[in-house]
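Okay, so here's the structure we're looking at.
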Amino acid sequence: MKFHEMNETEVEQVLHTDSKAGLTTDEVNKRRKQYGYNELEEGEKQSALLLFFSQFKDFMVLVLLAATLISGLLGEYIDAIAIIAIVIINGLLGFFQERKAEKSLAALKELSSPQVHVLRDREWIKIPSKEVVVGDIIKFTSGDRIGADVRIIESNSLEVEESALTGESLPVSKTTDLLRSANTGIGDMENMAFMGTLVTRGSGVGVVVAIGMKTAMGQIADLLQKAETMTTPLQRRLEQLGKILITVALLLTVLVVAVGVLQGHDLYTMFLAGVSLAVAAIPEGLPAIVTVALSLGVQRMIKQRAIVRKLPAVETLGCASVICSDKTGTMTQNKMTVTHLWSGGKEWRVDGVGYEPRGSFFRNEHQVELKNEKPLQQLLMFGMLCNHSEIKQKDNEYFIDGDPTEGALLVAAMKAGYNRSTLLNQYQIIKEFPFDSIRKMMSIVVKDKHGKQFVVTKGAPDVLAEVCGSILWDEKRQYMSREITSKIQSAIEGLASQALRTIAIGFKEIPANIVILHEKEAEKDLTFIGLQGMIDPPRPEVKDAVKECKEAGIKTIMITGDHVITAKAIAKQLGILTNTSKVLDGKALSEMTIDELENVVDDVSVFARVSPEHKLKIVKALQNNGHIVAMTGDGVNDAPAIKAADIGVAMGITGTDVAKEASALVLLDDNFATIKAAIKEGRNIYENIRKFIRYLLASNVGEILVMLFAMLLGYPLPLIPIQILWVNLVTDGLPAMALGLDQPEDDVMKRKPRNPREGVFARGLGWKVVSRGFLIGIVTLIAFIIVYKANPDKLEYAQTIAFSTLVLAQLIHVFDCRSEKSVFARNPFGNKYLVWAVISSLLLLFIVIYYPPLQPIFHTVPVELKDWFMISGLAAVPTFLLAGSFLARKRK
Ligand code: ATP
């Protein structure tokens with residue numbers, strides 16, 4: 001018999017489990033040993049060896065290796081071995097960089113892997129989906145991706161979208177009923193849910209019947225192919241640019257070789273020099289270094305509690321001009337405490353701290369006895385009954401397992417002495433219609449001991465009031481007159497204006513023989529009982545974050561399902577709502593066309609009482625107005641807006657799997673301030689990439705030009721191949737990487753967001769590359785000519801001088817690259833990685849020059865002290881000549 005043909009008890013027997021208690025830890029360990037982890041096997045990974053060899057597949061590197069081999073055969077052993085050694089070290093460097101990038105991306109994937117709610121040893125706990133075993137009892141609610149194949153044993157309006165398996169994109173209703181037909185296909189198994197499918201509505205509980213490769217998903221082999229790696233816009237732009245640069249570098253190299261040969265140098269020497277120059281000057285590794293810089297930036301973001309799920313987001317973050325953020329939990333602490341209650345014209349206050357269920361009730365500042373306050377009792381009791389959360393205690397601390405709004409209602413009722421288990425003995429819950437942010441209500445159907453049936457509903461007060469036909473006023477049921485409606489309205493506004501989040505409770509009795517199947521039948525003709533108002537204090541760091549964003553040219557918009565007045569009050573406290581900005585509510589938003597919204601959206605800073613669907617409209621309107629939008633969300637219905645936004649942001653704690661999957665960024669702490677931190681890091685990463693592009697390209701321009709000019713002027717080669725390759729490896733390598741780790745400039749959050757269409761060489765970068773590169777080439781040439789002219793028979797000495805000048809000029813220039821403004825704009829030694837990189841490059845330079853065993857390999861000669869004065873003076877020129885104008889401007 002298959003699982004769908006068994007009832008709950010049969011499933012329990014076959015799988016040796018207990019749906020009320022779950023498995024024990026011992027049993028779980030046993031089963032895991034036997035059946036392994038709940039994982040799908042990944043496709044083949046590239047082996048380390050293959051990755052290493054892929055570093056040498058570059059055409060010019062192959063030509064260089066071939067040329068070196070020839071020179072080896074011709075007897076130039078030392079040169080050949082040295083060149084090959086350098087090429088291999090270069091390859092190793094590339095290999096380790098790529099491995100690092102790969103590893104950090106894999107670690108990221110691990111971090112954002114889904115969690116499952118499982119019943120173990122009678123406790124509901126959250127574990128990584130990987131650790132689920134057959135026989136586990138798991139529960140899921142809307143927005144979850146189901147972690148294994150399950151036989152459903154509880155369903156509350158459960159709907160699952162199974163397109164990943166069946167191709168059918170419409171959600172299917174799931175029940176617990178027995179299916180008898182033996183050949184039921186996946187699409188028809190209404191009492192089963194499968195790994196990888198998506199809960200779009202309601203909630204449910206199931207017994208795990210298959211894990212890992214044994215699941216329906218595991219059996220579809222082609223789904224398991226590796227996800228393609230994503231490239232960012234900058235990487236693509238650099239790839240295109242790379243092609244142009246390769247052509248230019250090759251043409252110039254050919255020119256160098258041609259001029260050299262025409263000037264009488266022998267073809268073989270010129271060929272080897274040309275190939276070495278091409279290898280050094282072609283920035284073939286740029287996209288790879290960019291990946292490394294991006295992934296290192298991603299690691300830094302993790303430290304700031306933001307996980308980047310899509311690499312391109314790192315770049316887009318720096319362009320963000322609007323952040324649309326949820327209020328509850330993102331801007332506020334989501335630590336709710338009921339402080340005010342209202343029923344039938346009476347108001348109570350309740351005190352107490354946090355979630356500890358201890359506090360007293362007051363009316364008109366006098367403590368009240370609960371037994372004398374019937375309406376208050378009902379309000380509290382139904383708030384506890386129509387609830388899906390639990391208050392738990394650990395190390396003497398109370399905490400909420402579930403929705404904090406519901407937790408607050410539980411705590412308030414506990415303060416009055418109510419106990420949920422006792423209540424559940426009096427009232428049996430027969431049906432539940434879970435909360436969703438479109439209806440903004442939740443309902444249950446209960447039966448009491450005498451067989452009477454009731455519907456209890458809680459929800460947003462203004463919405464609930466609309467479905468109430470009567471109200472309990474002075475313990476009597478009264479018709480909802482216009483006068484009473486306006487009294488309710490002012491009670492709601494009274495609470496909301498104190499920044500309280502409000503929940504209303506209503507109920508109705510229904511005939512005992514009626515079965516309510518749909519929420520629409522439940523949520524009508526109710527009797528309004530009253531209101532509970534809860535505080536949810538703003539997160540203390542958000543106000544400053546909003547201010548910092550404003551200075552950075554980024555507007556913050558609050559989007560919330562909460563009441564307009566509550567939203568306004570909090571937005572004011574946080575500095576989001578100012579005298580000039582506007583508030584728009586869901587109703588007005590629904591009535592607007594997208595064009596109308598575009599006209600006003602730039603002035604709106606709070607959207608209240610909105611539904612998740614509205615978010616998509618807001619994103620579109622902002623984008624049409626030219627904004628780059630970051631949008632937060634947590635539920636299933638938020639996913640389309642998160643996907644459509646330029647940067648979709650999901651909540652790590654309260655977010656559903658769907659929201660996370662749609663997002664580019666996940667906030668581990670659900671905190672608005674983390675978005676700001678990620679934007680700052682995003683801006684910095686981009687600036688750092690610009691810094692090393694500038695450094696590397698200016699160096700390459702210098703290297704090519706010194707050779708070209710020397711040939712044109714009829715001089716011997718100022719640098720020999722091995723020296724060029726050494727510069728490429730040492731001088732270009734380490735400092736460039738250190739630039740990738742640079743700290744942001746002070747004003748990184750004072751500038752306007754970057755234009756996403758800006759090219760690689762925008763904002764003067766192209767000029768900087770060419771001018772500095774030109775100067776580096778010129779000073780190297782001057783140093784060479786001076787020494788060569790003085791002693792034409794000591795060519796190796798002149799070449800060593802040129803080599804040293806080139807290296808030093810680059811190592812000084814690297815400090816200039818730290819700032820967009822000038823080398824004087826910030827402490828040049830502020831980046832300790834860079835200082836160490838430069839010191840090691842210098843040491844390596846001295847070793848190559850002064851360590852006798854290396855001299856024949858690098859064809860170097862010890863440089864005399866007096867010449868170092870000339871070298872240093874000339875090497876400083878490219879950086880300081882053009883920095884003078886900055887100082888002059890500053891003085892003005
Ligand atoms: P944000 O989008 O800022 O997170 P929110 O959490 O306030 O806003 P919703 O969760 O959609 O938005 O809640 C909207 C309203 O629904 C709340 O103001 C509250 O009155 C009501 N509400 C919230 N949670 C529940 C719940 N669990 N049961 C019943 N009503 C609820």
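One table, with the values for the structure above:
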| quantity | calculated |
| --- | --- |
| Residue that is modelled with pLDDT of 90 or more, in a helix (DSSP H, G or I) and closer than 30 Å to Glu551 by Cα, where the choices are Phe784, Phe803, Phe846, Phe815 | Phe815 |
| Conditions (1) modelled with pLDDT under 90; (2) in the same structural domain as Asp638 (by TED's automatic domain parsing): number failed by Val730 | (2) |
| Identity of the residue in segment 582-612, touching a Ser or Thr at 6+ places or on another chain (Cβ under 7 Å) and small (Gly, Ala, Ser), that ends up surrounded by the fewest Cβ atoms within 10 Å (Cβ to Cβ) | Ser611 |
| Identity of the residue in segment 618-635, over 16 Å from the mean Cα position of the chain (by Cα) and within 15 Å of the ligand (Cβ to nearest atom), that ends up surrounded by the most Cβ atoms within 10 Å (Cβ to Cβ) | Ile618 |
| Residue pairs meeting the criteria (Cβ under 7 Å; at least 6 apart or on separate chains; first charged (D, E, K, R), in segment 587-613; second more than 14 Å from the ligand (Cβ to nearest atom) and not in a loop (DSSP other than H, G, I, E, B)) | Glu598/Ala621; Glu598/Asn624; Asp603/Lys582 |
| Check on Met442, more than 12 Å from the ligand (Cβ to nearest atom) and under 28 Å from Thr654 (Cα atoms) | no |
| Test set (1) farther than 30 Å from Gly206 by Cα; (2) modelled with pLDDT under 75 - Ser113 fails condition number | (1) |
| Any hit, segment 805-828, residues being free of Cβ contacts under 8 Å to residues at least 12 places away in the same chain and surrounded by fewer than 24 Cβ atoms within 10 Å (Cβ to Cβ) | yes |
| Answer residue from segment 290-338, given it is among the charged types (D, E, K, R) and over 24 Å from Leu739 (Cβ atoms) and is surrounded by the fewest Cβ atoms within 10 Å (Cβ to Cβ) among those | Lys310 |
| Subset of segment 594-613 (residues that are of a type in the set (A, V, I, L, M, F, W, C) and assigned to a loop (DSSP other than H, G, I, E, B)) | Val610 |
| Residue in segment 49-62 that is surrounded by 16 or more Cβ atoms within 10 Å (Cβ to Cβ), at pLDDT below 75 and of a type in the set (Val, Ile, Thr) present | yes |
| Residues of segment 572-593 satisfying the condition of being within 16 Å of the ligand (Cβ to nearest atom) and assigned to a loop (DSSP other than H, G, I, E, B) | Leu574, Ile576, Leu577 |
| Hey, Pro753 under 24 Å from the mean Cα position of the chain (by Cα), at pLDDT below 90 and either among the basic types (Lys, Arg) or outside any helix (DSSP H, G or I) (or both) or not | no |
| Restricting segment 317-334 to residues that are assigned to a loop (DSSP other than H, G, I, E, B) and in contact with a Gly (Cβ under 7 Å, 6 or more places away or on another chain), the residue that is farthest from the ligand (Cβ to nearest atom) | Gly318 |
| Unique residue being within 15 Å of the ligand (Cβ to nearest atom), in contact with a Gly (Cβ under 7 Å, 6 or more places away or on another chain) and touching a residue at least 24 places away in the same chain (Cβ under 8 Å) when the list is Asp638, Asp657, Asp670 | Asp670 |
| Hey, Leu170 free of Cβ contacts under 8 Å to residues at least 24 places away in the same chain, assigned to a loop (DSSP other than H, G, I, E, B) and out of contact with any Leu (no Cβ under 7 Å at 6 or more places or on another chain) or not | yes |
| Restricting segment 787-800 to residues that are assigned to a helix (DSSP H, G or I) and among the polar types (S, T, N, Q), the residue that is surrounded by the most Cβ atoms within 10 Å (Cβ to Cβ) | Thr800 |
| Output for segment 603-625, where each listed residue is acidic (Asp, Glu) and at pLDDT below 95 | Glu613 |
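The values are calculated or read from the model by the stated rules, or taken from the named source; none is laboratory data. Note that the structure is predicted; figures quoted are calculated from it, not measured. Ideal geometry is used to build each Cβ from the backbone, glycine not excepted, and the neighbour counts take in all protein chains shown.
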